[in-house]
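Data first, discussion second: the structure below is written as structure tokens.
What follows is calculated from the coordinates using simple rules that are stated; it is not laboratory data. Small disclaimer: the values here were computed from a predicted structure and weren't measured. As a convention, Cβ positions derive from the backbone with ideal geometry for all residues, glycine included, and neighbour counts pool all protein chains shown.
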Amino acid sequence: MVIAHLVNENSEQLEIIRSTFRKSNPGYDLTYSHLKKIIEPQQVNRIIFIQSGGGTANLSTKLSSKFSVGDIILLNKGESMETDSLFSCVIFTVPEKLPTNIPVFIRPDWDPNITDTPGGCATETNAYRRILLTWKDKVGPYIFKSLNAHRVRIMDSFSHYHPEEGGFDEFYLVQMVQPTARIITSAQVGLIEDPEGVTKDQTKTLLQSTVLSVGDLVYLPRGIMHRGIGGVLAQVITVPGFIPGAEIGVDHHIRRINDELVLEGSDRLPYNEEASIAPIIR
């Protein structure tokens, strides 16, 4: 896991994320644009994630719309955008042609076709989870398999990873937080999935807990276990798309580690209680 706090366009951590992401996903790229009014034309297909600011955006294609934090805007090759106020955004380059049968401006808080859909990282019945781009039409109205995104309020997600073979990279673009917002991660999935082989000493470094702040771009490469907790509103972005069957839960393993080693108090490893009852693959 790598976290870049988006305060400027030359962040060392952002460059690490970009370099690693590009190597793992040929044809893709990402950049951050800070407090601008113009997105210049480029000969690539781009998906813009609005991170701060708002107002009216005008595209070179003559399309125009209001925009605000949480929206995404699709720009085809050669297209540009100009706004009437300053904004910041994360921009993903994708190798595939952008779909023409979905809106150019996707606004999760204003589009009647995008409604709350509990699941994934937010299973509670009153969950704020709005799917902007999806893999399957049963989940949301706007299909694009090269990159998926949903804006979600995470209170207590389940611990899971996406396999290195057949999985996908994931990003959290953090847009609001409560004081308790954190992400729990581990690069030791193989050890987690072998509960009987874990020693008590190994449990001390098995999971890492990191406080999240507004403006964090969290990069979760394939194979990294993660779990968001404590109240974080984020754009969850997956490349290449949210592949069915590539979300593998490990809470049942973590629970077993606790039980096998009789871990108590502060030594006990955190897990999602509901997700620990049986294996989960989604």
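For the stretch 185-207, the criterion of being in a loop (DSSP other than H, G, I, E, B) and within 16 Å of G230 (Cβ to Cβ) is met by at least one residue. What are the residues in the stretch 208-219 that are among the hydroxyl-bearing types (S, T, Y) and assigned to a loop (DSSP other than H, G, I, E, B), if any? Within the stretch 208-219, S213 is the sole residue that qualifies. If only residues of the stretch 67-81 that are over 20 Å from the mean Cα position of the chain (by Cα) and part of a loop (DSSP other than H, G, I, E, B) are counted, the one that is farthest from V236 (Cα to Cα) is G78. Among the strands (runs of 3 or more DSSP E) confined to the stretch 85-177, the ones with at least 2 residues that are of a type outside the set (F, W, Y) and touching a Ser or Thr at 6+ places or on another chain (Cβ under 7 Å) are located at 129-133, 169-177. When each of A234, A278 is tested for being surrounded by fewer than 13 Cβ atoms within 10 Å (Cβ to Cβ) and either part of a strand (DSSP E or B) or more than 22 Å from the chain's Cα centre (by Cα) (or both), the lone residue that passes is A278. Number of residues in the stretch 237-275 that are part of a helix (DSSP H, G or I) and of a type in the set (K, R): the value is 2.
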